[in-house]
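Okay, structure first, notes after.
The values are calculated or read from the model by the stated rules, or taken from the named source; none is laboratory data. These figures come from a predicted structure and were not determined experimentally. No Cβ is skipped: glycine too gets one built from the backbone with ideal geometry, and neighbour counts run over all protein chains shown. All accessible areas refer to the heavy atoms of the entire protein, side chains included, with ligands and DNA or RNA removed. Shrake-Rupley method; radii C 1.70, N 1.55, O 1.52, S 1.80 Å.
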Amino acid sequence: MDYMNGPGRHHLFVPGPVNIPEQVIRAMNRNNEDYRSPAIPALTKTLLEDVKKIFKTTSGTPFMFPTTGTGAWESALTNTLSPGDRIVSFLIGQFSLLWIDQQKRLNFNVDVVESDWGQGANLQVLASKLSQDQNHSIKAICIVHNETATGVTNDISAVRTLLDHYKHPALLLVDGVSSICALDFRMDEWGVDVALTGSQKALSLPTGLGIVCASPKALEATKTSKSLKVFFDWNDYLKFYKLGTYWPYTPSIQLLYGLRAALDLIFEEGLENVIARHARLGKATRLAVEAWGLKNCTQKEEWISNTVTAVMVPPNIDSTEIVKRAWKRYNLSLGLGLNKVAGKVFRIGHLGHLNELQLLGCLAGVEMILKDVGYPVVLGSGVAAASTYLQHQIPLIPSRI
């Protein structure tokens, strides 16, 4: 029995954790196994090969840690850098703020480039810093691809362009927790040195797998890294890769089987089709917000996110009340506004195993909630705007043609 049960299906529209496909749930519904038996290394080998496809890399080396995105952050930093190393890190919202906090607590010299929440990374400031760094004191650029607190997506290719323009050797470390497998992400093409994601986002798994992919340049950096690491040490993993057993400690067997099923679903749909589906869902949500007469927290079109929309509310409305009422009355989970935007925005997550009709149900619920809290929304306006767009955009389901 659920702790606080409600009738019907719960509508989960936070930007992670997300809905889990039935196929994944069934794949994970199994007993424990001996991870030293031949079965788990064989499974792991296929997973490592296929994980590279969602990062769009042929040269990267993936690592799957039994952890969250926070652990994946720490893995990326401690395997490539040493205490005191200078990092340029962009603060654009709550999750970039948390990564910066981790960087500081790990004793790196963090050069913070802050933007207003709702804006993307200030690449003009980065260009200035790179041009002045003749001695190459900057060892890494850390950037969140998709900031879920504000619904802002950064242009990673533009960061690589700047690094190449100034012939700067700094590593490029990218948090792709809420982007990889939902937004276009090209590790090799964009020259990303370390990319990372979490299982509970676009992969549509339970929380518990932090997946990191390292370029050859990042692996080379491990030879000079002096940061303390034990659990997240890539070299421990690499030793077991060579042995063909893959795991330096006990993995989550059930999550590995779940990941196998999740990747199979993604490849069946086609990764580019998955990305296109997220683009449709994002566009439909933004059209609904516009029809309601509300604004997106994201300040420019170039920064919009196709995995989460942060909706600004009028000053007389507390967005926290919208989230509370969604859960209490409509069995709908929306994302809270965090930190600087607490009470000012609510977030609609539209990522992972999700289709257009599910989204329309969420938008209908949001309209009723807005009416409940006194906002003069016209019921059906957002749903009409979204469905008018989607009706012309939804393709046939490939497996049913």
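Tabulated results
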| read-out | value |
| --- | --- |
| Lone unmet requirement of (1) open to solvent by less than 60 Å² (accessible area, probe 1.4 Å); (2) farther than 22 Å from Lys201 by Cα; (3) assigned to a loop (DSSP other than H, G, I, E, B) for Thr67 | (2) |
| Residue tally, condition more than 17 Å from Ser179 (Cα to Cα) and in contact with a Phe, Trp or Tyr (Cβ under 7 Å, 6 or more places away or on another chain), over segment 90-103 | 1 |
| Qualifying position, being crowded, with 16+ Cβ neighbours inside 10 Å, touching a helix residue (DSSP H, G or I) at 6+ places or on another chain (Cβ under 6 Å), assigned by the TED database to the domain that holds Glu49 and in contact (Cβ under 8 Å) with a residue 40 or more places away in the chain, among Leu263, Leu281 | Leu263 |
| Residue, farthest from Met368 (Cα to Cα), within segment 285-336, restricted to residues that are part of a helix (DSSP H, G or I) and among the basic types (Lys, Arg) | Arg286 |
| Condition met for Thr150 (β-branched (Val, Ile, Thr) and part of a strand (DSSP E or B)) | no |
| Yes/no for Gln102 being within 21 Å of Ala214 (Cβ to Cβ), touching a residue at least 24 places away in the same chain (Cβ under 8 Å) and in the same structural domain as Val192 (by the TED database) | yes |
